[in-house]
1. How far apart, in nm, are the 7 Å Cα→Cβ label points at Val136 and Arg68?
2. Using a Förster distance of 25 Å, how high is the FRET efficiency between Ser156 and Ala120, based on the Cβ-Cβ distance and rounded to 0.05?
3. From the cross-link list Lys51/Lys139; Lys95/Lys139; Lys60/Lys107, which pairs have alpha carbons spaced over 19 Å apart?
4. Given R₀ = 45 Å, what would the calculated FRET efficiency be for Ala36 paired with Ala75, taking r from the Cβ atoms and rounding to 0.05?
5. Quick one: Thr35, Thr128, fewest Cβ neighbours within 10 Å first, how do they rank?
6. Determine the shape class of the range 31-165: with a ≥ b ≥ c the square roots of the Cα gyration tensor eigenvalues, call it rounded for a/c under 1.5, and otherwise prolate if a/b is greater than b/c, oblate otherwise.
7. Which of rounded, prolate or oblate describes the range 95-169 when judged by the alpha-carbon gyration tensor and an a/c cut-off of 1.5?
8. For Thr158, what residues show an amide H to amide H distance below 5 Å, using hydrogens built from the backbone and excluding near sequence neighbours?
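Read-outs: derived from the displayed coordinates by stated rules, not from any lab. Here the structure is a predicted model, which is why all the values come from computation and not from measurement. With ideal geometry, Cβ positions are generated from the backbone for all residues, glycine too; neighbour counts draw on all protein chains shown.
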Amino acid sequence: MSVAARLAAALAAGVMVVSMTVANAWAQSTAAELTAAFCATRMAGNDTEVKPLLTPALLKLVEEAEQRSRAIAQAQPDEKPPFGDGIPYQSFPDKPDTCVPDEPVAKAGITEAPVTYAIAAAPEASWTDTLILTLVEGKMLIDDIRFPGAADGGDSYTLREILSDAFDQ
C-alpha cells in the first residue's frame, strides 16, 4: 500500500473515530454541554441542528407545527403561515451577537438552563430564555424553552405553548 493510500486510510479511520467519539460524548452530555451546543446553533442561525437536541416529545410537536405551517402556506400562498419564519427557538427573532449559557439549576426532575442573548449595537436589548432540560434514555435533552414575559411584567410563555396555540386563531 502506498504512503498516500495509508494516509488516506488513517485519515478516514480517524474521522470515523472522532465521529463515534462525538456521538458517544453527546449521549452522555451534561446540561452545560447541551446548553452550549444549543447556543452554538443559535449563533450559527441553524435551526436544523436544534432538532437533535430536543426530546422526542418536543421534536414531534415541532415537526407537526412545521407540517401544518407548510400545509397552510400551500393552501394560502398569499398569506404568511404561523411559522413562516421558522420555529421560534428564542424569544425574539433578532439574530443575537452572543448567546451565553448560564449555570444550569436542577429542580424536581428537570434542569433549568438559562441562556442570555445580546445584540452589540443595542446592549439594553439583551434577554434571557430558559431551556427546560430532562434526561431521556440517559441523554440530556431540551424538553421546552421558557421565554420571559413582556417588559411590563406580563406572564412568561413556553415553546410548547406557542406550538400548540399557533393554529387556534
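1. Placing both labels 7 Å beyond Cα along the Cβ direction yields 1.9 nm.
2. Details: r = 26 Å, r/R0 = 1.03.
Rounded to the nearest 0.05, the efficiency is 0.45.
3. Details: Lys51/Lys139 14 Å; Lys95/Lys139 28 Å; Lys60/Lys107 25 Å.
Check vs 19 Å cut-off fails for Lys95/Lys139; Lys60/Lys107.
4. Details: r = 40 Å, r/R0 = 0.88.
Efficiency computed from Cβ-Cβ geometry: 0.70.
5. Values: Thr35 26, Thr128 15.
The most exposed by this proxy come first: Thr128, Thr35.
6. Working: a/c = 1.68, a/b = 1.21, b/c = 1.38.
Note, shape of the range 31-165 comes out oblate.
7. On the way: a/c = 1.99, a/b = 1.21, b/c = 1.65.
In terms of gyration-tensor shape, oblate.
8. For Thr158, the qualifying residues are Phe147.
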